[in-house]
Amino acid sequence: MALARRAISPGSIDGAIGSQTRAAIAVFQQTENLPATGVLDTNTRVRLTLDAPLLTTCTVTTNDLARLQPIGKSWLAKSQQTALDYETELELVAEKSHSHPELIQQLNPGVNWTNPAPGTVLKIPDVNYPVPADKAAFVVIHLDGKFLEAFGLETNLLAHFPCSIAARVEKRPVGELHVVVIAPNPNYTVDPELFPESPELRTVGHKLILPPGPNNPVGVAWIGLDRTGYGIHGTPTPELVGRTESHGCFRLANWDAAYLMQLAWVGMPVQVQP
(Lines give C-alpha, C1' and ligand atoms only; values in the text may rest on other atoms or scores of the structure.)
Protein backbone atom coordinates (compact mmCIF):
# COMPACT_ATOMS: atom_id res chain seq x y z
CA MET A 1 0.00 0.00 0.00
CA ALA A 2 2.82 2.41 0.86
CA LEU A 3 4.42 1.70 -2.52
CA ALA A 4 1.17 2.08 -4.44
CA ARG A 5 0.44 5.45 -2.81
CA ARG A 6 3.71 6.65 -4.32
CA ALA A 7 2.68 5.42 -7.82
CA ILE A 8 5.26 2.64 -7.51
CA SER A 9 2.88 -0.17 -8.31
CA PRO A 10 3.39 -3.67 -6.89
CA GLY A 11 0.69 -4.93 -9.28
CA SER A 12 -2.85 -5.76 -8.19
CA ILE A 13 -2.84 -5.47 -4.41
CA ASP A 14 -3.29 -8.98 -3.03
CA GLY A 15 -1.66 -8.96 0.41
CA ALA A 16 1.25 -11.17 -0.67
CA ILE A 17 4.83 -10.39 -1.61
CA GLY A 18 5.75 -11.63 -5.07
CA SER A 19 8.05 -10.70 -7.94
CA GLN A 20 6.21 -7.46 -8.76
CA THR A 21 6.28 -6.33 -5.12
CA ARG A 22 10.00 -7.07 -4.88
CA ALA A 23 10.59 -5.11 -8.08
CA ALA A 24 8.60 -2.18 -6.66
CA ILE A 25 10.58 -2.30 -3.40
CA ALA A 26 13.84 -2.18 -5.39
CA VAL A 27 12.58 0.86 -7.32
CA PHE A 28 11.66 2.62 -4.06
CA GLN A 29 15.09 1.80 -2.66
CA GLN A 30 16.71 3.39 -5.72
CA THR A 31 14.70 6.59 -5.19
CA GLU A 32 15.94 6.66 -1.59
CA ASN A 33 19.57 5.91 -2.50
CA LEU A 34 19.40 2.58 -0.68
CA PRO A 35 20.84 -0.72 -1.99
CA ALA A 36 18.26 -1.97 -4.53
CA THR A 37 17.83 -5.47 -3.10
CA GLY A 38 14.06 -5.77 -3.36
CA VAL A 39 14.05 -6.93 0.26
CA LEU A 40 12.00 -5.05 2.84
CA ASP A 41 14.89 -4.56 5.26
CA THR A 42 15.01 -2.30 8.32
CA ASN A 43 16.30 0.80 6.52
CA THR A 44 13.62 0.46 3.85
CA ARG A 45 10.85 0.00 6.43
CA VAL A 46 11.92 3.20 8.18
CA ARG A 47 11.44 5.22 4.98
CA LEU A 48 8.49 3.35 3.45
CA THR A 49 5.83 4.70 5.79
CA LEU A 50 2.06 5.06 5.65
CA ASP A 51 0.42 8.40 6.39
CA ALA A 52 -3.20 7.17 6.46
CA PRO A 53 -5.10 3.99 7.42
CA LEU A 54 -4.83 1.02 5.06
CA LEU A 55 -8.54 0.54 4.51
CA THR A 56 -11.54 2.65 3.67
CA THR A 57 -15.15 1.81 2.80
CA CYS A 58 -17.35 2.11 -0.24
CA THR A 59 -21.06 1.48 -0.67
CA VAL A 60 -22.77 -0.56 -3.38
CA THR A 61 -25.07 1.80 -5.28
CA THR A 62 -27.93 1.30 -7.71
CA ASN A 63 -25.85 3.18 -10.30
CA ASP A 64 -23.06 0.62 -9.87
CA LEU A 65 -25.45 -2.29 -10.33
CA ALA A 66 -27.09 -0.67 -13.38
CA ARG A 67 -23.72 -0.67 -15.15
CA LEU A 68 -23.17 -4.41 -14.85
CA GLN A 69 -23.71 -6.57 -17.92
CA PRO A 70 -22.47 -9.92 -19.23
CA ILE A 71 -19.65 -9.75 -21.75
CA GLY A 72 -20.14 -11.63 -25.01
CA LYS A 73 -17.89 -14.64 -25.61
CA SER A 74 -17.25 -13.92 -29.30
CA TRP A 75 -15.86 -10.89 -31.14
CA LEU A 76 -19.17 -10.49 -32.96
CA ALA A 77 -21.20 -10.60 -29.72
CA LYS A 78 -18.94 -8.00 -28.11
CA SER A 79 -19.28 -5.70 -31.12
CA GLN A 80 -23.08 -5.78 -30.74
CA GLN A 81 -23.09 -4.62 -27.10
CA THR A 82 -23.82 -1.05 -25.99
CA ALA A 83 -20.70 -1.06 -23.79
CA LEU A 84 -18.05 -3.42 -22.49
CA ASP A 85 -18.55 -2.40 -18.88
CA TYR A 86 -17.99 -4.37 -15.69
CA GLU A 87 -19.60 -7.79 -15.43
CA THR A 88 -19.78 -7.94 -11.61
CA GLU A 89 -19.72 -5.66 -8.59
CA LEU A 90 -16.64 -7.54 -7.41
CA GLU A 91 -14.78 -6.63 -10.59
CA LEU A 92 -15.85 -2.98 -10.29
CA VAL A 93 -14.79 -2.67 -6.65
CA ALA A 94 -11.48 -4.47 -7.23
CA GLU A 95 -10.49 -2.09 -10.03
CA LYS A 96 -11.61 0.92 -7.99
CA SER A 97 -9.17 -0.10 -5.25
CA HIS A 98 -6.31 -1.36 -7.48
CA SER A 99 -6.86 -4.78 -5.93
CA HIS A 100 -7.05 -8.45 -6.78
CA PRO A 101 -10.66 -9.68 -6.57
CA GLU A 102 -9.62 -12.41 -4.12
CA LEU A 103 -8.38 -9.79 -1.64
CA ILE A 104 -11.71 -7.94 -1.82
CA GLN A 105 -13.50 -11.20 -1.07
CA GLN A 106 -11.19 -11.86 1.89
CA LEU A 107 -11.87 -8.39 3.30
CA ASN A 108 -15.63 -8.85 2.93
CA PRO A 109 -16.36 -12.50 3.85
CA GLY A 110 -20.10 -12.05 4.43
CA VAL A 111 -20.99 -10.41 1.13
CA ASN A 112 -23.18 -12.16 -1.43
CA TRP A 113 -21.20 -11.25 -4.54
CA THR A 114 -23.68 -12.99 -6.83
CA ASN A 115 -26.38 -10.46 -5.97
CA PRO A 116 -25.04 -7.69 -3.72
CA ALA A 117 -27.74 -5.41 -2.31
CA PRO A 118 -27.63 -1.64 -2.81
CA GLY A 119 -26.39 -0.02 0.38
CA THR A 120 -23.96 -2.84 1.21
CA VAL A 121 -20.86 -1.31 2.83
CA LEU A 122 -17.56 -2.83 1.70
CA LYS A 123 -14.02 -2.66 3.08
CA ILE A 124 -11.44 -1.86 0.41
CA PRO A 125 -7.77 -0.78 0.28
CA ASP A 126 -7.48 3.01 0.28
CA VAL A 127 -5.25 3.63 -2.74
CA ASN A 128 -4.87 6.88 -4.64
CA TYR A 129 -1.91 7.85 -6.78
CA PRO A 130 -0.41 11.32 -6.25
CA VAL A 131 -2.13 14.11 -8.18
CA PRO A 132 0.26 14.87 -11.09
CA ALA A 133 1.93 18.25 -10.73
CA ASP A 134 3.06 18.24 -14.36
CA LYS A 135 3.42 16.07 -17.43
CA ALA A 136 6.14 13.43 -17.74
CA ALA A 137 9.26 14.26 -19.74
CA PHE A 138 9.61 10.72 -21.11
CA VAL A 139 8.66 7.09 -20.52
CA VAL A 140 10.92 4.03 -20.46
CA ILE A 141 9.64 0.48 -21.10
CA HIS A 142 11.91 -2.36 -19.97
CA LEU A 143 11.08 -5.46 -22.02
CA ASP A 144 13.17 -7.87 -19.95
CA GLY A 145 11.83 -6.66 -16.61
CA LYS A 146 8.26 -6.19 -17.91
CA PHE A 147 7.72 -2.77 -16.40
CA LEU A 148 7.12 0.82 -17.53
CA GLU A 149 8.39 3.98 -15.82
CA ALA A 150 7.56 7.65 -16.31
CA PHE A 151 10.08 10.37 -15.45
CA GLY A 152 9.97 14.12 -14.92
CA LEU A 153 12.21 16.84 -16.34
CA GLU A 154 14.82 16.23 -13.65
CA THR A 155 14.78 12.50 -14.42
CA ASN A 156 12.81 12.03 -11.20
CA LEU A 157 10.58 8.97 -11.11
CA LEU A 158 6.88 9.80 -11.45
CA ALA A 159 5.45 6.27 -11.78
CA HIS A 160 6.48 2.62 -12.01
CA PHE A 161 3.99 0.09 -13.40
CA PRO A 162 4.11 -3.64 -14.29
CA CYS A 163 3.64 -4.07 -18.03
CA SER A 164 2.78 -6.97 -20.35
CA ILE A 165 4.75 -7.13 -23.60
CA ALA A 166 4.34 -8.94 -26.92
CA ALA A 167 4.47 -12.74 -26.83
CA ARG A 168 6.51 -12.84 -30.05
CA VAL A 169 10.03 -11.39 -29.96
CA GLU A 170 9.72 -9.90 -33.45
CA LYS A 171 6.78 -7.78 -32.21
CA ARG A 172 8.86 -6.11 -29.48
CA PRO A 173 10.21 -2.85 -30.96
CA VAL A 174 13.44 -1.57 -29.37
CA GLY A 175 14.39 2.10 -29.62
CA GLU A 176 12.66 5.45 -29.32
CA LEU A 177 9.00 5.83 -30.17
CA HIS A 178 6.71 8.83 -29.65
CA VAL A 179 3.12 9.32 -28.54
CA VAL A 180 0.86 10.34 -31.43
CA VAL A 181 -2.62 10.10 -29.88
CA ILE A 182 -4.20 9.91 -26.41
CA ALA A 183 -7.72 8.48 -26.27
CA PRO A 184 -9.72 7.97 -23.06
CA ASN A 185 -12.41 5.27 -23.12
CA PRO A 186 -11.60 4.19 -26.68
CA ASN A 187 -13.52 1.80 -28.87
CA TYR A 188 -11.50 -1.00 -30.46
CA THR A 189 -11.34 -2.09 -34.08
CA VAL A 190 -10.83 -5.82 -34.59
CA ASP A 191 -9.14 -6.41 -37.94
CA PRO A 192 -9.19 -10.05 -39.14
CA GLU A 193 -5.84 -9.48 -40.87
CA LEU A 194 -4.20 -8.83 -37.50
CA PHE A 195 -5.73 -11.93 -35.89
CA PRO A 196 -5.00 -14.74 -38.38
CA GLU A 197 -5.22 -17.25 -35.52
CA SER A 198 -8.97 -16.54 -35.05
CA PRO A 199 -11.31 -18.87 -37.01
CA GLU A 200 -14.25 -16.66 -36.04
CA LEU A 201 -12.74 -13.53 -37.59
CA ARG A 202 -11.82 -15.42 -40.75
CA THR A 203 -15.50 -16.40 -41.02
CA VAL A 204 -16.76 -12.85 -40.30
CA GLY A 205 -14.38 -11.52 -42.96
CA HIS A 206 -14.56 -7.82 -42.06
CA LYS A 207 -13.53 -5.41 -39.33
CA LEU A 208 -15.60 -5.18 -36.15
CA ILE A 209 -15.80 -2.16 -33.83
CA LEU A 210 -16.05 -2.99 -30.13
CA PRO A 211 -17.62 -0.35 -27.84
CA PRO A 212 -15.71 1.35 -24.98
CA GLY A 213 -15.53 0.14 -21.41
CA PRO A 214 -13.14 -1.41 -18.88
CA ASN A 215 -13.66 -4.82 -20.54
CA ASN A 216 -12.72 -3.48 -23.96
CA PRO A 217 -9.50 -5.22 -25.18
CA VAL A 218 -7.56 -1.97 -24.61
CA GLY A 219 -9.38 -1.08 -21.40
CA VAL A 220 -10.08 2.53 -20.46
CA ALA A 221 -7.14 4.23 -22.18
CA TRP A 222 -5.21 4.13 -25.47
CA ILE A 223 -1.90 5.96 -25.85
CA GLY A 224 -0.98 5.42 -29.49
CA LEU A 225 2.64 5.35 -30.66
CA ASP A 226 4.30 6.26 -33.96
CA ARG A 227 4.59 2.65 -35.05
CA THR A 228 1.49 1.31 -36.77
CA GLY A 229 -0.67 -0.78 -34.44
CA TYR A 230 1.41 -0.11 -31.33
CA GLY A 231 0.28 1.64 -28.18
CA ILE A 232 0.18 1.62 -24.40
CA HIS A 233 -3.23 0.68 -23.05
CA GLY A 234 -5.36 -0.85 -20.32
CA THR A 235 -6.76 -4.38 -20.08
CA PRO A 236 -9.85 -6.32 -18.96
CA THR A 237 -7.66 -8.53 -16.71
CA PRO A 238 -5.40 -6.26 -14.62
CA GLU A 239 -4.37 -9.05 -12.25
CA LEU A 240 -2.60 -10.77 -15.18
CA VAL A 241 -0.48 -7.77 -16.25
CA GLY A 242 3.19 -8.65 -16.34
CA ARG A 243 2.33 -12.33 -15.90
CA THR A 244 0.91 -13.03 -19.37
CA GLU A 245 1.99 -11.66 -22.74
CA SER A 246 0.13 -9.40 -25.14
CA HIS A 247 -0.68 -9.56 -28.85
CA GLY A 248 1.82 -6.81 -29.57
CA CYS A 249 1.20 -3.68 -27.49
CA PHE A 250 2.25 -2.58 -24.01
CA ARG A 251 -0.51 -3.50 -21.59
CA LEU A 252 -1.09 -1.94 -18.16
CA ALA A 253 -3.76 -2.30 -15.49
CA ASN A 254 -6.65 0.03 -16.28
CA TRP A 255 -5.88 2.28 -13.31
CA ASP A 256 -2.24 2.56 -14.37
CA ALA A 257 -3.14 3.31 -17.99
CA ALA A 258 -5.58 6.00 -16.83
CA TYR A 259 -2.88 7.59 -14.63
CA LEU A 260 -0.27 7.45 -17.40
CA MET A 261 -2.76 9.20 -19.66
CA GLN A 262 -2.64 12.17 -17.25
CA LEU A 263 1.16 12.27 -17.53
CA ALA A 264 1.42 11.73 -21.29
CA TRP A 265 1.39 14.26 -24.13
CA VAL A 266 1.46 14.04 -27.92
CA GLY A 267 5.09 13.89 -28.97
CA MET A 268 6.32 12.45 -25.66
CA PRO A 269 9.33 10.13 -26.13
CA VAL A 270 8.86 6.47 -25.20
CA GLN A 271 12.14 4.59 -24.97
CA VAL A 272 11.82 0.83 -25.36
CA GLN A 273 14.80 -0.98 -23.87
CA PRO A 274 15.65 -4.70 -24.23
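The values are calculated or read from the model by the stated rules, or taken from the named source; none is laboratory data. For clarity, every value in this text was computed on a predicted model and none was experimentally measured. Note that each Cβ is placed from the backbone with ideal geometry, even for glycine, and that neighbours are counted across all protein chains shown.
Some notes on this structure:
- Checking every residue in region 226-234 against the condition of being part of a helix (DSSP H, G or I) and acidic (Asp, Glu) gives zero matches.
- Test: residue in region 108-120 that is in contact (Cβ under 8 Å) with a residue 12 or more places away in the chain, at negative phi, not in a loop (DSSP other than H, G, I, E, B) and not hydroxyl-bearing (Ser, Thr, Tyr): no
- Residue in region 185-193 that is more than 17 Å from the chain's Cα centre (by Cα), within 22 Å of Ser19 (Cβ to Cβ) and not assigned by TED's automatic domain parsing to the domain that holds Ile8 present: no
- Region 194-220, residues that are of a type in the set (A, V, I, L, M, F, W, C) and either part of a strand (DSSP E or B) or over 19 Å from the mean Cα position of the chain (by Cα) (or both): Leu194, Phe195, Leu201, Val204, Leu208, Ile209, Leu210
- Residue match in region 141-154 (condition: surrounded by fewer than 17 Cβ atoms within 10 Å (Cβ to Cβ), hydrophobic (A, V, I, L, M, F, W, C) and in the same structural domain as Gly234 (by TED's automatic domain parsing)): yes
- When restricted to residues that are in contact (Cβ under 8 Å) with a residue 24 or more places away in the chain and in contact with a helix residue (DSSP H, G or I) (Cβ under 7 Å, 6 or more places away or on another chain), region 11-27 contains 5.
- Within region 7-29, the residues that satisfy the criterion of being of a type outside the set (A, V, I, L, M, F, W, C) and either touching a strand residue (DSSP E or B) at 6+ places or on another chain (Cβ under 8 Å) or within 18 Å of Gly242 (Cβ to Cβ) (or both) are Ser9, Pro10, Gly11, Ser12, Asp14, Gly15, Gly18, Ser19, Gln20, Thr21, Arg22.
Here is a yes/no grid of residues against (1) farther than 21 Å from Phe138 by Cβ; (2) in the same structural domain as Asp85 (by TED's automatic domain parsing); (3) touching a residue at least 12 places away in the same chain (Cβ under 8 Å); (4) crowded, with 19+ Cβ neighbours inside 10 Å:
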{"position": "Val174", "(1), (2), (3), (4)": "no, no, yes, no"}
{"position": "Glu197", "(1), (2), (3), (4)": "yes, no, no, no"}
{"position": "Leu201", "(1), (2), (3), (4)": "yes, no, yes, yes"}
{"position": "His206", "(1), (2), (3), (4)": "yes, no, yes, no"}
{"position": "Leu210", "(1), (2), (3), (4)": "yes, no, yes, yes"}
{"position": "Thr235", "(1), (2), (3), (4)": "yes, no, yes, yes"}
{"position": "Leu240", "(1), (2), (3), (4)": "yes, no, yes, no"}
{"position": "Phe250", "(1), (2), (3), (4)": "no, no, yes, yes"}
